[in-house]
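Derivation of every value follows stated rules applied to the coordinates shown; laboratory data play no part. Nothing here was measured: the structure is a model prediction, and the numbers come from that model. Note that each Cβ is placed from the backbone with ideal geometry, even for glycine, and that neighbours are counted across all protein chains shown.
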Amino acid sequence: MEKLRSLNPLDYEILIRRRGEHDYAAYCPQLACMVKGSSHEEVEERMRAVIQQWIEQLQRESHPSEPSHP
């Protein structure tokens, strides 16, 4: 499955699951990525950071910086 290449963070879903008192997981289907943590807030913030890093990578790929000349 190909990862979504949208630059809009609202196009990425974050699904959060609680399995115990301090056992949470967040999944983003558009990136096929999961993170684990001990609180709802922790996994949501971590997944938002993963999404933001992906978007920044896409932006770098679409606007590569000029090569430096010696």
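Here are the numbers for the structure shown:
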{"quantity": "Lys, Arg +1 and Asp, Glu -1 on Cβ, resulting dipole of the chain about Cα centre, debye, nearest 20", "calculated": "200"}
{"quantity": "Among [x] 14.4; [y] 13.4; [z] 11.8, the entry derived from the coordinates for Kirkwood radius over Cα pairs in Å", "calculated": "[y]"}
{"quantity": "Relative contact order of the chain, pairs being alpha-carbon contacts under 8 Å that are 6 or more residues apart, as %", "calculated": "28"}
{"quantity": "Helix axis angle, 40-62 relative to the chain longest principal axis, alpha carbon, degrees", "calculated": "20"}
